[in-house]
Amino acid sequence: MEQKHSKKKIAIIGGGIAGSSIAMYLSQFDVDIELFEQGVSLVNGPPICHLHAGGNLYREISDEQCLTLLKESIDTVRYFPHTMNKRPTIIAVPKTDSGEPSDLLPRLILLKNAYQTLIDDNPKNEFFGPSSDYFKIYSREQLTLISQLTPTEAPTCLDDWLIPFVKSVDLDQLKYPVVLVQEYGLSVFRMAATAEITLNNKSNTVLNFNSHVHNIQKNAQQWVINYAESGKEKSKCFDCVINSAGFRTGIIDDLVQKHTHRLVEFKAAYVTQWNQSDYGKWPEVIFHGERGTPQGMAQFTPYPNGYIQLHGMTEDITLFKNGLSQSSNESAQPKLSEALIKKIVKGWDLSIQQQRTDKAIKHIAQFIPSFKTATSAGKPLYGAQQIPGTDVTLRAANISYTADGYFRAEIVKASSGIECAKEIARVLNFTTKTSSLKVLNEDEVIILARSLAFERHYPIELAEVY
């Protein structure tokens, strides 16, 4: 009698965007997967709000990283189809900044051409509109003409998206041209809901929540994982271990005695509400600035019902003094300060939350004066972001692995998760998919996303389609 094929057993440690994406992708093959997550739901890490379809927020990264982020964004949308907020991003360079808007143009042209090539390869890759609309530049004179247009809540052309910008922003503070680019928004709550619904529908995938992995040993054939699930000790064996533990990746590295260098950075974004509906539907807006200085980049991300998520790349807003730490020769796990760990584990002191939100509002109001009337609308979105290696500017990341079946998946941006999964499948020589992922209903995703936002004490508007 022919011997039955034994399925490869894969453990994924960490249910953030990396672990969830990898589980979704690999579940299409003839394998058994178990995912271990300390929390009670998936994708509950650092703030995610932007689909970096070209990396145009980051002037300091290489063209190669930008091209990678564009391609990875297409993969992400394919696996998380109901998670985009389809609105463009405006990029403006203030007069106080040392950069020039014209410096952005060669990269935008490169990305536009690369996007067209991806569409030529597969017309289904056209997720961000036609390549001819990938970006558009605007002179001061063009913006003055747009200011005479009637505001709309249903933009039908690129110029319509500029109306609230030109009617609200102090245009005298900017260098020209201003750029509009098709980098859409992402809903972290709809990503979490997509992952949870998808994986709960896969018979070869087990989700272990409230599960703390505290010991990993390699015997002759397999990896033995010891973990506590809701306080109860358990042990299971696997052929492969995928470490996708986010900012705790180094803890797992230490358990298996596989040292590597990484950085961990604590970051936060702030939730506000602004009753300013006179000028129509807002795009996302970026005011460039030098990271870590008082004039660091300002980011304005709109959601339904006047909710606005804010970043300010200063140490008083999104970044933190001593918020960046690195691994040591003794441990692969960078050590954050006790104050930041307390924020992650126990939450924020309300006075600090209010102070930082107020500073974020003032940071945006430098450029949008009427935004000074915005108010705090709840706790920040926050978490620690790991960056493999020692380059704090790295934004496109991938996997590393050893021949004994131990993988690390360290991503900096949400869009890199599926590419990590594809690389793991290539290394493991998975060539034939034996099943497909469930085609999800958008309403089903939104309902669960709202529930997750509510459970995590955020406005449900952050889960809604914008």
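Read-outs: derived from the displayed coordinates by stated rules, not from any lab. Since we're looking at a predicted model, the values are computed, not measured. Here the Cβ is made from the backbone with ideal geometry for all residues, glycine too, and neighbour counts use every protein chain on show.
Some values worked out for this structure:
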read-out: Relative contact order (%) - the chain, alpha-carbon pairs under 8 angstrom, separation at least six; value: 24
read-out: Point-charge dipole on Cβ atoms (K/R +1, D/E -1) for the stretch 61-182, about Cα centre, debye to 20; value: 180
read-out: Placed amide H near Gln385: partners under 5 Å, 5+ positions off or other chain; value: Glu265, Phe266, Lys267
read-out: Fully extended contour minus Cα-Cα distance, from Thr390 to Asn429, at 0.36 nm per residue; value: 11.0 nm
read-out: Residue order, fewest to most beta carbons within 10 Å, for Ile17, Ile447, Ile33; value: Ile447, Ile33, Ile17
read-out: Cα-based Lys pair tally, the stretch 303-395, threshold under 21 Å, eight or more apart or on separate chains; value: 17
read-out: √(5λ) per eigenvalue of the Cα gyration tensor, the chain, largest first, Å; value: 38, 24, 21
read-out: Amide H contacts under 5 Å for Leu174, placed H, 5+ residues apart; value: Lys95
read-out: Solution diffusion estimate, µm²/s, Stokes-Einstein, the stretch 143-229, Kirkwood Rh from C-alpha pairs, 4 °C, viscosity 1.567 mPa s; value: 69
read-out: Radius of gyration, Dmax [the stretch 285-324; alpha carbons; angstrom]; value: 11.2, 35
read-out: Residue order, fewest to most beta carbons within 10 Å, for Ile22, Ile252; value: Ile252, Ile22
read-out: Non-local Lys pairs in the stretch 61-182, i.e. 8 or more apart or on different chains, that have alpha carbons under 13 Å apart; value: 4
read-out: In order through the stretch 125-131: 3J(HN,Hα) via Karplus (6.51 cos²θ - 1.76 cosθ + 1.60), integer Hz, x for Gly, Pro; value: 7, 7, 8, 10, x, x, 4
read-out: Order of Phe29, Phe189 under a 10 Å beta carbon neighbour criterion, fewest first; value: Phe29, Phe189
read-out: Cα convex hull of the stretch 61-182 - mean projected area over all directions, nm²; value: 8.4
read-out: Two-site FRET efficiency, Thr373 against Ala220, from Cβ-Cβ distance with R₀ of 45 Å, rounded to 0.05; value: 0.10
read-out: All-pairs alpha carbon distance profile, the stretch 261-388, 5 Å steps from 0, percent; value: 2, 11, 20, 21, 18, 13, 8, 4, 2, 1, 0, 0
